[in-house]
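This report concerns only the one structure given below.
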């Protein structure tokens, strides 16, 4: 696999300049300007102070960026809205496509490599971030912005045939729904803490109208449901959490096979419940 930036532009199938059905090729970059690095350093200092207890715990932690103080959001906006990231994303799309930031789903992520069959194990095992890759309209690209990290973990982007051990100031871009990926490494509390921003962008034609709004709403609904289940069942400590964690891992494995498979299982379970209730 190639560990360097993959600049291969994808072939995009589209009809009337409105249809995307191919993989966004994962790519990497780095904040190498003094201003961006200073912002990142300030954010790390703030996280290490305000989340010092969470940094000592084993489970991973996600915090929606919209819940952070305004002065912190102003600094984060300079990173997630920077031209470098936007231009690198649009490079793989036809002229006339635009980026609609999905800021309501963006998160601060404190990553502790954690395999205990809980809801967050899927963050490290082979997985797709989303399960809507059967949709041919629009793409969701995720930016992983590494505020702090050392090279002890490696992210493997299977479909793009590349891998990268991300370090501080790096960022990676991947297809939210279509990139099978995983993390290779082993948790060591003495390693440098991995602190990331997860930022999501919807890419559609400029005049997408109702179709763009529908895709955005669908992505948002699925995102919140899956995230709630994962958060509830990470590092499970009671039977209910263990069951939800087990279901999260089952759905992840099914989604790796086909994105409709988890939906079929849910439909079958609901059908069984309805039949038993008759």
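Considering (1) modelled with pLDDT of 80 or more; (2) in a loop (DSSP other than H, G, I, E, B); (3) over 27 Å from residue 85 (Cβ atoms), the lone condition that residue 253 does not fulfil carries the number (2). Against the conditions (1) in contact with a strand residue (DSSP E or B) (Cβ under 9 Å, 6 or more places away or on another chain); (2) modelled with pLDDT under 90; (3) surrounded by fewer than 16 Cβ atoms within 10 Å (Cβ to Cβ), residue 112 satisfies every one except (3). Screening 40, 89, 72, 98 for residues that are surrounded by 15 or more Cβ atoms within 10 Å (Cβ to Cβ), closer than 30 Å to residue 207 by Cα and touching a helix residue (DSSP H, G or I) at 6+ places or on another chain (Cβ under 9 Å) leaves exactly one candidate, 98. The single condition among (1) modelled with pLDDT of 90 or more; (2) within 12 Å of the chain's Cα centre (by Cα); (3) crowded, with 20+ Cβ neighbours inside 10 Å; (4) more than 21 Å from residue 215 (Cβ to Cβ) that residue 182 does not satisfy is (3). Taken over the stretch 227-250, residues that are in contact (Cβ under 8 Å) with a residue 24 or more places away in the chain and part of a helix (DSSP H, G or I) amount to 13. When you look at residue 140, is it free of Cβ contacts under 8 Å to residues at least 60 places away in the same chain and closer than 24 Å to residue 234 by Cβ, yes or no? Criteria not met by residue 140. Any residue that is surrounded by fewer than 22 Cβ atoms within 10 Å (Cβ to Cβ), without any contact (Cβ under 8 Å) to a residue 24 or more places away in the chain and either touching a strand residue (DSSP E or B) at 6+ places or on another chain (Cβ under 7 Å) or part of a helix (DSSP H, G or I) (or both) - is there at least one of those in the stretch 192-211? For the stretch 192-211, residues surrounded by fewer than 22 Cβ atoms within 10 Å (Cβ to Cβ), without any contact (Cβ under 8 Å) to a residue 24 or more places away in the chain and either touching a strand residue (DSSP E or B) at 6+ places or on another chain (Cβ under 7 Å) or part of a helix (DSSP H, G or I) (or both): present. Can you pull out the residues in the stretch 135-151 that are surrounded by fewer than 17 Cβ atoms within 10 Å (Cβ to Cβ) and either touching a strand residue (DSSP E or B) at 6+ places or on another chain (Cβ under 9 Å) or under 21 Å from residue 84 (Cα atoms) (or both)? 137, 150, listed by residue number.
Is it the case, given these coordinates, that residue 63 is touching a residue at least 12 places away in the same chain (Cβ under 8 Å) and over 18 Å from the mean Cα position of the chain (by Cα)? For residue 63, the condition - touching a residue at least 12 places away in the same chain (Cβ under 8 Å) and over 18 Å from the mean Cα position of the chain (by Cα) - is not met. Within the stretch 58-66, is there a residue that is touching a strand residue (DSSP E or B) at 6+ places or on another chain (Cβ under 8 Å) and part of a helix (DSSP H, G or I)? For the stretch 58-66, residues touching a strand residue (DSSP E or B) at 6+ places or on another chain (Cβ under 8 Å) and part of a helix (DSSP H, G or I): present. Within the stretch 148-168, the only residue that satisfies the criterion of being closer than 11 Å to residue 194 by Cβ, under 16 Å from the mean Cα position of the chain (by Cα) and in contact (Cβ under 8 Å) with a residue 60 or more places away in the chain is 166.
The values are calculated or read from the model by the stated rules, or taken from the named source; none is laboratory data. The shown structure was predicted, so the numbers you read here are calculated from the model rather than taken from an experiment. FYI the Cβ positions are ideal-geometry reconstructions off the backbone, even for glycines, and counts take in every protein chain you see.
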